[in-house]
Amino acid sequence: MDSSILIIVLSLSVLISYAFDLFSSRFQIPSVLLLLLLGILTRQATEYFAVQVPYVNAILPTLGTLGLILIVLEGGLDLELHTDRLSVLRRTLLASLLAIVGGTMLMAGALYLLLNDSFYHCLIAALPFSIISSTVTVQSVEQLSGGQREYAVYESAFASILGIMAYNFLLLSRESVLGAVWLFTRDTLVMALISLVCCFLLLYLIGRINHRIKFLPIISVLFLVYALAEINHLSSLLLILIFGLFLNNTELFVRGRLSLILKNDLFEKELDQLKNLTAEGSFVVRTFFFLTLGYAAVPSELMDVDALIVSGIFVIIIISWRWVTLRLTYWGASSPLLWIAPRGLITVLLYLNIPEDLRLQGFREGIPILVVVLSSLVVRPGVLAHKPVKQTR
């Protein structure tokens, strides 16, 4: 493909995604759905004109991993661990844990009854669908009251990291649950220690680097450490989350003389720059991930009756269990939070990364995209039907 044509395609993709984002904010239609639809239509067009697009399935996991790192970092940079937020932090952490554990068990039970495969395989297949999408959630809660918006944002941020850690734990428990507990605990503690060392080192670099290019090298270091930890089967995303939390809450970790060494007068301004860079990087990577995912989708798999039935069952379970978790953890009227339970990039990426020998026999390949679409469509009527009321925080 000619380089000029490629530049045009890439530029148009970002501009169209940006337009979708603006459209989504105004009409409460998740931009994820529009990107998937554009990807599907693009495939039809390329097939009609006999244009070959290489390496689609090869680059999809890489784009997803990059997007995942940036989403978790963005979530960490948004979380404030102040004492006046301890209540909502505890409740949203509990809500995320309940949603992942309960949702996974219920969906795995449904798969076990439908497919009669190993329950362990059912758990592996079901877990990605229990994780709420932080990106779609943030887009959907802009017009909600402060208490509801804060609850949804914190819950989705916790869900990302807890869901991935639970997924890694399930993979470790293939041979022995007790062995998995030991390995998981050891790896988490090792990764937490490495993360703290990296946090202090990177914070020192932020305060000392005077070059006009500062944050891309630091983010590259994060990517590098993430990849090395992933190769060694450590909880690598814990590093990303801890780094985001550390930077956004330095007053809790950096005090006294240490603050004179590790922070400077421009730190708050520089932190805002990092947040903006992370948000824009996440936007670009997410754009190409969902475009590529839509392009790679096979229309016949999306129209499969069994896939539609299972996807519908999953969405019903998600909403039903969400009602239970909100009753236990949210102080106030649960609507429209009940309907804000979209699935997104993490769900698709974790499903794609399930090892071949742990794949659930008979599980339709179109289900992940269908669940993303259906769960996102459910959000819109719930938000539009909402009449803002004063909520208890």
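The values are calculated or read from the model by the stated rules, or taken from the named source; none is laboratory data. Keep in mind the model is a prediction, meaning the values are calculated, not measured. Neighbour counts run over all protein chains shown; Cβ positions are idealised from the backbone, glycine included. These area figures cover heavy atoms from the full protein model, side chains too; ligands, DNA and RNA do not enter into them. Shrake-Rupley method; radii C 1.70, N 1.55, O 1.52, S 1.80 Å.
Taking GluC sites (Glu not before Pro) as candidate sites, keep only those in a DSSP loop with at most 11 other Cβ atoms within 10 Å, then name the longest stretch of the chain containing none of them. Before the final figure, lay out the partial values.
Details: sites that count: 142, 175.
The longest such stretch corresponds to 176-393.
Show the residues, 5+ positions off or on another chain, whose built amide H is closer than 5 Å to the amide H of residue 354.
none
Could you pull the Rg and Dmax for the range 202-259, using just the Cα atoms, both in Å?
Reported Rg and Dmax, both Å: 13.0, 37.
Quick one: compute the contact order of the chain, relative version, from alpha carbon pairs under 8 angstrom and 6+ residues apart, as a percent.
31 percent
If you keep only loop residues by DSSP, which chymotrypsin sites (Phe, Trp or Tyr not before Pro) in the range 40-116 have at most 16 other Cβ atoms within 10 Å of their Cβ?
Answer by residue number: 49, 55.
In Å², and per residue, what accessible area does the chain have when probed at 1.4 Å with the other protein chains present?
It amounts to 49 Å² per residue over the chain.
What's the local net charge at residue 141, with K and R +1, D and E -1, over the other residues with C-beta under 13 Å away?
Around residue 141, the surrounding residues sum to -2.
Calculate one ³J(HN,Hα) per residue across the range 235-240 by plugging θ = phi - 60° into the Karplus curve 6.51 cos²θ - 1.76 cosθ + 1.60, and present them in order as whole Hz with x for glycine and proline.
6, 5, 5, 4, 4, 5
Of the heavy-atom accessible surface of the range 271-393 (probe 1.4 angstrom), what whole percent is carbon and sulfur? Could the numbers behind the result be given before it?
Details: 3460 of 5480 Å².
Using a 1.4 Å probe with all protein chains present, the range 271-393 comes out at 63 percent carbon and sulfur.
With θ set to phi - 60° and the Karplus curve 6.51 cos²θ - 1.76 cosθ + 1.60, what are the ³J(HN,Hα) couplings of the range 104-117 in order, to the nearest whole Hz, using x for Gly and Pro?
Couplings: 5, 4, 5, 5, 5, x, 5, 5, 5, 5, 7, 10, 6, 9 Hz.
Over the range 91-159, with every protein chain in place, what whole percent of the accessible area is carbon and sulfur at 1.4 Å, could you tell me?
Details: 1530 of 2170 Å².
Carbon and sulfur: 71 percent of the exposed surface of the range 91-159.
Given the -39500 (n - 2.57) contribution per DSSP H run of 4+ residues, what per-residue ellipticity at 222 nm results for the chain, rounded to the nearest 500 deg cm²/dmol? Walk me through the numbers before you get to the answer.
Details: 17 runs with 295 residues, N = 393.
My calculation for the chain gives -25500 deg cm²/dmol from helical runs alone.
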